[in-house]
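Right, one structure below, let's go through it.
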Amino acid sequence: MSVIKSGLAATLALALSSAAVVIAAPAALAAMSEKTPGMAEKTVEVGGAPMYPSKTIVENAMNSKDHTTLVAAVKAAGLVETLSGPGPFTVFAPTNAAFEKLPAGTVDTLVKPENKEMLTKILTYHVVAGTMTSADIAKAIEAGGGKATLTTVEGETLTAAMDGDKLVLTDAKGGTSTVTIADVTQSNGVIHVVDTVLMPK
């Protein structure tokens, strides 16, 4: 009888320890996940920072050291709330170097309150409603016989074309901008980093 009891006790102890392991495992994983945000996310590095697909366009852009001018311009134009919304949006995001190509003093002038309307016009010219990956744009270019017309939130259009393996955008003034980093997934759309500021008419 004592043998049966000790056998049951051992079985019960084993069962309890197994249950403890099963319960502890999810807890440990959850703790690990908390310590490592975005552990399971596939990120793309932009401006020295990982871009998390679970974050919004604005949240990710704020972490990129290459997009401080763009973020400042978005704030000055009052577009933070819009670009933090559900969207989705496709944003062609100029780098700081892209803004530096503009004539001296242009950015300082644009971020002044009295020029908010013009700044908003330029920034929204870099935004297309919906999510368009580079593959989507390439398909549109192929369907268009080598060119695709993208209608921006500002209302005017951009022309997309391939130059070898590079995606190039032509603005309303004939200026061109090349996508340097494509398909940076966001929770509310996608960003394509570009090397030149696009200008509407």
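The values are calculated or read from the model by the stated rules, or taken from the named source; none is laboratory data. None of the values given here were measured: they were computed from a predicted structure. Neighbour counts are summed over all protein chains in view; Cβ atoms, including those assigned to glycine, are modelled from backbone coordinates with ideal geometry.
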Seminar exercise, completed: Residues of segment 117-176 being out of contact with any helix residue (DSSP H, G or I) (no Cβ under 8 Å at 6 or more places or on another chain), more than 26 Å from Lys75 (Cα to Cα) and not small (Gly, Ala, Ser), in sequence order, are Asp136, Ile137, Lys139, Ile141, Glu142, Thr149, Thr159, Asp163, Asp165, Lys166, Val168
Seminar exercise, completed: Log entry, pairs with first residue in segment 39-66 being farther than 14 Å from Val91 by Cβ, second being at pLDDT below 85 and part of a helix (DSSP H, G or I), beta carbons closer than 8 Å, six or more apart or on different chains, reads Met39/Met32; Met39/Ser33; Ala40/Ser33
Exercise. Somewhere in segment 91-102, is a residue aromatic (Phe, Trp, Tyr) and farther than 21 Å from Asp171 by Cα?
Worked result: no
For this session: Say whether the condition of being outside any loop (DSSP other than H, G, I, E, B), free of Cβ contacts under 8 Å to residues at least 60 places away in the same chain and surrounded by 14 or more Cβ atoms within 10 Å (Cβ to Cβ) is met by at least one residue in segment 185-196.
Result: no
Exercise. How about segment 37-84: which of its residues are part of a loop (DSSP other than H, G, I, E, B), closer than 22 Å to Leu198 by Cβ and of a type outside the set (A, V, I, L, M, F, W, C)?
Worked result: Gly47, Thr56, Ser64, Gly78
Exercise. Before we move on, is Asp136 touching a strand residue (DSSP E or B) at 6+ places or on another chain (Cβ under 9 Å), closer than 17 Å to Asp195 by Cα and of a type in the set (Asp, Glu)?
Worked result: no
Exercise. If a residue has to be over 17 Å from Thr133 (Cβ atoms) and either part of a loop (DSSP other than H, G, I, E, B) or at pLDDT below 95 (or both) to count, how many in segment 164-184 make the cut?
Worked result: 6
Exercise. Can you tell me which residues in segment 122-152 are outside any helix (DSSP H, G or I), small (Gly, Ala, Ser) and without any contact (Cβ under 8 Å) to a residue 40 or more places away in the chain?
Worked result: Gly144, Gly145, Gly146, Ala148
For this session: For segment 171-190, indicate whether the set of residues that are touching a Phe, Trp or Tyr at 6+ places or on another chain (Cβ under 6 Å) and assigned by TED's automatic domain parsing to the domain that holds Thr56 is non-empty.
Result: yes
Problem set entry | Residue that is modelled with the lowest pLDDT [pool: residues in segment 63-81 that are more than 20 Å from Lys101 (Cα to Cα) and not small (Gly, Ala, Ser)] | Asn63
Problem set entry | Test for Ser64: is it under 23 Å from Ile181 (Cα atoms), surrounded by fewer than 18 Cβ atoms within 10 Å (Cβ to Cβ) and of a type in the set (Gly, Ala, Ser) | no
For this session: May I ask you to verify whether Ala93 is crowded, with 19+ Cβ neighbours inside 10 Å, farther than 21 Å from Ala182 by Cα and either in contact (Cβ under 8 Å) with a residue 24 or more places away in the chain or hydroxyl-bearing (Ser, Thr, Tyr) (or both)?
Result: no
